[in-house]
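This report refers to the structure that appears directly beneath it.
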Amino acid sequence: MSEVAGYVQPMESTLPSPTELSERIRGRALEMGFGVVGIAPAHESAQGDAYARWVGEGMHGEMGYLAREDAVAKRRDPAVLVPGAKSAVVVGLEYYNVDADPGVTADPSRGIVARYARNHDYHELMKERLIALQEWIDAELLPVTGRAYVDTGAVLERELASRAGLGWQARNTMLIQPRGGSFWFLGVVLLDVELAYDQPFQKDHCGTCNACVSACPTGALLGRDETGAPRMDARRCISYLTIELKGAIPRDLRPMIGNRVYGCDICQEVCPWNRFATPSADPAFLAREGLDGPSLIEWMTMTQEEFSARFKGSPIKRAKRRGLLRNVAVALGNWGSPDAIPVLAVALNDEEPLVRGHAAWALGRTGREAARQALAGRAEVEADAWVREEIAAALGEG
Ligand code: B12
Ligand code: SF4
Ligand code: SF4
């Protein structure tokens, strides 16, 4: 400050301008390996009512954390989640990987794992990078408080991403980038400072296409509502049924799951915008050995120790052994081959009722005498009421 004859001249601010801040944050995020970065004001959601309607209709199924009153309020307004939040830095990280053997989809003896789950858990990897980004902003640019979110926070990530100009919310509900498709993870850092903002993405590039809705095997995609919001009944989505649902998969939906044993990519694979998807250069997202088209018979015999070793650091551990083997049993039932009977007969004696019940269903689908004998034998000793019901149904008595 300079003082001349009693006049105190205010010192020029040394803080970078919002435009400079945004550019430096964008540059740093790109350097850290994120593929795209957009910056949006963290004001109230324009889509809070659509979200509240969705949970009000029960479309979230058993994902109770989505419907809690406080969680809905936080999604409506990021400032409820992070007091003082003014800006959202939204990043995308591409994870697309090509099938080593494209024949797997048509081979019912092998399972399909969703592309995002073929290697490292993206949650940890992205969260670490986003926290490092926030720390860098705080150390290098200006003091900030805020918080990083990847998937699990009470944040409407896709709305923020489209507000930050990254793409549009498509009919399959995914955030699609016009130059990169939809095989991108999203992450958000909410910050308590004003930044310069990108233009929101306005256009809906789905046009008259309906390929995803037609291809969804379970009818989970319901198209757009009268406001233009894409709607999905998560209770029918294979991703929900094979990952989030902890109990039995409804019997009427099992045949529609085919050989998808963990998650589902069908509505993305049929999307013309994924023609532009390029395989991720990040080794963290290359398929681990054995995760690209695993043998269902081999997976059905997996012990707890094998499960823990094989899925260390993988998103698949979320399903736990019993959830994964439930899914594998369903896929074996959909295969319906007599070759599956021996492993299913062993699974009928598994310590987990969830595995026994789905193995019973799968045995019933093979329609063979050996399967009937295994089922009848287990019926004599089975104590769990639900598994007994499944055995009876598989024997045609339920
Ligand atoms: C719950 C959840 C699921 C559920 C429900 C999915 C769904 N479509 O709602 C299940 C388990 C089924 C699921 C599956 C998958 N998921 Co998920 N999931 C989430 C999670 C945690 C919340 C999504 C949510 O709130 N859904 C409720 C609906 C109502 O909200 P929404 O999808 O954001 O929809 C908005 C529109 O309806 C919109 N809207 C309202 N009015 C209007 C009006 C107009 C004109 C428009 C355009 C839009 C609009 O507003 C809503 C709220 O903002 C997000 C992470 C997050 N925190 O956001 C990841 C997330 C959406 N999932 C992701 C992924 C990768 C998947 C799978 C591909 C995994 C897999 N391979 O199995 C599948 C894809 C299935 C699909 N087609 O969606 C990514 C998607 C990335 C992307 N590019 O879009 C996310 C963002 C996680 C991440 N951080 O990367 N998921
Ligand atoms: S992920 Fe699969 S089941 Fe879910 S909406 Fe898309 S196509 Fe349908
Ligand atoms: S398949 Fe067609 S309708 Fe579905 S998301 Fe892609 S462009 Fe949109």
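For the pair region 344-398 / region 239-306, the C-alpha centres are spaced 25 Å from each other. Note that region 175-225 presents 43 Å² accessible area per residue, ligands and nucleic acids not counted, probe 1.4 Å. Measuring against 30 Å, Cα to Cα, the residue pairs Lys86/Lys312; Lys74/Lys312; Lys86/Lys203 contain Lys86/Lys312; Lys74/Lys312 as the ones spanning a longer distance.
With +1 on each Lys and Arg Cβ and -1 on each Asp and Glu Cβ, and nothing else charged, work out how big the dipole of the chain is about its Cα centre, in Debye to the nearest 20.
840
Computed over region 295-398, the alpha-carbon pair-distance distribution with 5 angstrom bins reads 2, 15, 26, 24, 17, 9, 5, 2, 0, each value a whole percent. The residue among Leu160, Gly146, Tyr197 whose Cα reaches farthest toward the positive pole of the charge dipole of region 77-198, with charges on the beta-carbon of Lys, Arg, Asp and Glu, is Leu160.
Out of every Cα pair in region 179-291, what percent are spaced more than 23 Å from each other? Summing the P(r) tail past 23 Å for region 179-291 gives 47 percent. Here is how the number arises for the chain: DSSP H runs of 4 or more residues each give -39500 (n - 2.57), the sum is divided by the residue count, and the result at 222 nm is -10000 deg cm²/dmol. As I understand it, the value is the acute angle between the Cα axis of helix 320-335 and the longest principal axis of the Cα atoms of the chain; what does it come to in degrees, rounded to 10? Roughly 60 degrees between the two axes. With everything on Cα atoms, drop me the angle between helix 122-136 and the longest principal axis of the chain, reported from 0 to 90° to the nearest 10. Helix 122-136 and the main axis of the chain meet at about 10 degrees. Normalised radius of gyration (Cα atoms, divided by 2.2 N^0.38 Å) for region 270-353: 1.32. In terms of overall dimensions, the chain has a Cα radius of gyration and Dmax of 24.7, 106 angstrom. Of the solvent-accessible surface of region 31-185, computed with a 1.4 Å probe and all protein chains present, 51% belongs to carbon and sulfur.
Its relative contact order, with pairs defined as Cα atoms under 8 Å and 6+ residues apart, puts the chain at 18 percent.
Rounded to two decimals, what ratio of Rg to Rh does region 1-137 give with C-alpha atoms and a Kirkwood Rh? Intermediate results must be reported in sequence, preceding the final value.
On the way: Rg = 22.8 Å, Rh = 19.7 Å.
Looking at region 1-137, the ratio lands at 1.16.
Of the whole protein surface, Asp252 contributes about 100 Å² of accessible area at a 1.4 Å probe radius.
Dividing the C-alpha radius of gyration of region 122-263 by 2.2 N^0.38 Å, with N its residue count, gives 1.25.
When only alpha carbons of region 20-88 are considered, Rg and Dmax amount to 15.6, 44 Å. The separation of region 143-195 from region 32-111, counted between C-alpha centres, amounts to 8 Å. Simple rule: put +1 on each Lys or Arg Cβ and -1 on each Asp or Glu Cβ in the chain, find the dipole, and look at Asn210, Trp273, Ile243; the Cα lying farthest toward the positive end is Asn210.
For Trp168, Trp273, give the ranking by accessible area with the largest first, probe 1.4 Å.
Accessible-area ranking of Trp168, Trp273, largest first: Trp273, Trp168.
Given a 1.4 Å probe and heavy atoms of the protein chains only, how would you sort Ser22, Ser239, largest accessible area at the top? Mind showing how you got there, number by number?
Numbers: Ser22 0, Ser239 40 Å².
Correct descending sequence by accessible area is Ser239, Ser22.
In sequence order, region 368-380 has phi-based couplings of 9, 4, 4, 5, 4, 5, 4, 5, 5, x, 5, 4, 5 Hz under the Karplus curve 6.51 cos²θ - 1.76 cosθ + 1.60, θ = phi - 60°, and Gly or Pro positions carry x. Axis angle, to the nearest 10 degrees, between helix 18-31 and the longest C-alpha principal axis of the chain: 40 degrees.
The values are calculated or read from the model by the stated rules, or taken from the named source; none is laboratory data. It should be emphasised that the depicted structure is a prediction, and the values quoted were computed from it without experimental measurement. Positions of Cβ are backbone-derived with ideal geometry, glycine not excepted, and every protein chain shown enters the neighbour counts. Side chains are part of the model used for accessible areas, which takes the heavy atoms of the whole protein and leaves out ligands, DNA and RNA. Shrake-Rupley method; radii C 1.70, N 1.55, O 1.52, S 1.80 Å.
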